[in-house]
């Protein structure tokens, strides 16, 4: 493996790990990566690079092992789509484009579920060495609290992997054979990044080791030329490189820029300079001489920066950036770059707040039209001891949908890391140890396919509260157009479209499955889930969103009160303002923006379920709709799994609807990710109720039977060491409508 200079190694990475994960006073649960694999582990072999298939290909795997029992395949939603005996060679009966996980088991039966704290069975994550060179040998040598019974973790698993099916598309290069382009690699996978077209690589160079950087990077640049750069002139693909370790060695900088000036257009200086310097000092001591060096090589090259860890409001984000701009930093930039830690987190509100705040600051200094880049952001599929692929899928696409509307296309948006490469402190990779892909890869492939040759034209207006519930963009090109829609966190969203012509409307799912919806009397009802859905009008067709028109939010009227079962105090920190009125104040509180106690959403303080939350209206009102906002599940933030929406009628509670969201979480050991739990939980946190028959009442109740453990769907995720929190109800807002 190629060595990785800071910031792509330990030093700077630990800074943002602390920034991103060290936010909650709750420490991650005991547990984490399983520290030892069973003997004779099976590695399914498809003969293909990263197990990438195309539609129409037979999906075959060789299973080199003895005593095998069965195989099972689950799709992105956790549903079993094929199963059978695990012979030496298996052909899997799946045909649709998508993302899948393969499990292979042995004949022996799994032992009973272990008793006691799983912490005794899994390595203590606090004892892991914080180093980017953390190898299998290191991992196996880690101390544990006692010698674990490894069979209780492994069960009868023989091996797992993931595979994807892409659509065939002549506009994209077909994935080369797995042995093609030798010599590349390390933390990057330029071959897959190019074929997927997920966005630019943040090429790493060291000013102190220019010759080594030239040798290593030349291989990746040759791959970029072959597989990434030449294919879509409408959405130009440019290369960028970053001097993560700093630019004090100006001769090393000059040497590298001179060598790659014909290939790399954008150059970024030190990684996250907010750690260790003020904005003003960075301008004078580093950016100005860096700018002079780059422009002396070729004035047409572009300087990118400052690349702060966040664009949040604190001293590492907007405050630092303002100090940078006050000192004249903009005059040394051709494009503005930033990292997006705690600026998305699967939340449209948070992503829009971040981008609106950045736009306002740039406008204040008259650079609102500067080109923008996001140069470091990735999301978890491996959440330490828990594998949660749908979290990565949804969070990634929230970012893509929002950022395109702010002038930041995927060609300027760097998703990292490519590969699982030993730095287990921040596991945001989209390619696992065995080459199998996580969902960000196939989702970004379809995003690239649908947006090929198109540019963002406008955002759709869903009205109020529709703009909190949905996001939609219109993209246009020379000979076609598409629309992309996504819900904020509803798995069952729906949007009404006006269609000017035809009886059918073609749609494409986030994984590339094509279908049609009917058009009746010029109207189509579009299902909009928690991942994007693409609408492709035929020639002569056009669509427009019908904005929501539900009337005023009755929960915001004067005299409305909220009460709940349980104690009023915050269950974790008594000093946190936990006034239940937060759930009817019209605000979607999110602590990750300001990181202040007053911005924590309301959190219940109950010991048992069912628990209730009541909204009391000052007088009876007709209710036709209700919208319940929990929180995007992560760390403390929890969502609902099982509840009843009720209304009071003559002193009795009557259930209108019951919602049960399956956690789809189970204990299973996966060797490539070293995780002990798989969670296909949907990440659902927005719940819409559209009543077929209106009711008139002065009191609405949410009767909760079960909720998540913060960011974990079940306690198993907590015990596996996932990013979880208290087993308490968290609500950001309840809205009621009567129209």
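The values are calculated or read from the model by the stated rules, or taken from the named source; none is laboratory data. Because the structure is predicted, anything quoted here is derived from the model rather than measured. Every residue, glycine as well, gets a Cβ built from its backbone with ideal geometry; the counts of neighbours run over all protein chains shown.
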Discussion item. Looking at the range 615-628, can you tell me whether even one residue there is at negative phi, assigned to a loop (DSSP other than H, G, I, E, B), modelled with pLDDT of 95 or more and more than 24 Å from the chain's Cα centre (by Cα)?
Written reply: no
Item to complete: Scan the strands (runs of 3 or more DSSP E) fully inside the range 657-728 and keep the ones with 3 or more residues being in the same structural domain as residue 571 (by TED's automatic domain parsing) and within 20 Å of residue 438 (Cβ to Cβ).
Response: 665-670, 675-679
Fill in: Search result, residues across the range 35-79 that are in a loop (DSSP other than H, G, I, E, B) and in contact with a helix residue (DSSP H, G or I) (Cβ under 7 Å, 6 or more places away or on another chain)
35, 36, 38, 76
Worksheet item: Taking only pairs six or more apart or across chains, which ones have beta-carbon atoms under 9 Å, a first residue in the range 299-315 that is without any contact (Cβ under 8 Å) to a residue 60 or more places away in the chain and outside the structural domain of residue 243 (by TED's automatic domain parsing), and a second residue that is surrounded by fewer than 24 Cβ atoms within 10 Å (Cβ to Cβ) and not in a strand (DSSP E or B)?
Response: none
Discussion item. Could you go through the range 103-124 and let me know if any residue there is at pLDDT 90 or above and either under 26 Å from the mean Cα position of the chain (by Cα) or surrounded by fewer than 21 Cβ atoms within 10 Å (Cβ to Cβ) (or both).
Written reply: yes
Worksheet item: Is at least one residue of the range 565-579 farther than 14 Å from residue 731 by Cβ, outside any loop (DSSP other than H, G, I, E, B) and either at pLDDT 95 or above or outside the structural domain of residue 695 (by TED's automatic domain parsing) (or both)?
Response: no
Discussion item. Report every pair of residues separated by at least 6 positions or lying on different chains whose Cβ atoms are under 7 Å apart, first residue within the range 541-562 and on the phi > 0 side of the Ramachandran plot, second in a loop (DSSP other than H, G, I, E, B) and at pLDDT below 95.
Written reply: 551/739
Discussion item. Return the residues of the range 547-570 that are out of contact with any helix residue (DSSP H, G or I) (no Cβ under 7 Å at 6 or more places or on another chain) and surrounded by 15 or more Cβ atoms within 10 Å (Cβ to Cβ); say none if nothing qualifies.
Written reply: 550, 553, 554, 565, 566, 570
Worksheet item: What residue, of 715, 693, 739, is touching a residue at least 60 places away in the same chain (Cβ under 8 Å), surrounded by fewer than 24 Cβ atoms within 10 Å (Cβ to Cβ) and farther than 21 Å from residue 396 by Cβ?
Response: 739
Discussion item. Can you pull out every residue in the range 256-274 that is in contact with a strand residue (DSSP E or B) (Cβ under 9 Å, 6 or more places away or on another chain) and either surrounded by fewer than 21 Cβ atoms within 10 Å (Cβ to Cβ) or part of a strand (DSSP E or B) (or both)?
Written reply: 263, 264, 265, 266, 267, 268
Fill in: Index of the failed condition, residue 234 passing every other in (1) surrounded by fewer than 21 Cβ atoms within 10 Å (Cβ to Cβ); (2) touching a residue at least 60 places away in the same chain (Cβ under 8 Å); (3) under 26 Å from the mean Cα position of the chain (by Cα)
(3)
Worksheet item: Has the range 208-224 got at least one residue that is in the same structural domain as residue 407 (by TED's automatic domain parsing), at pLDDT 95 or above and not in a helix (DSSP H, G or I)?
Response: yes
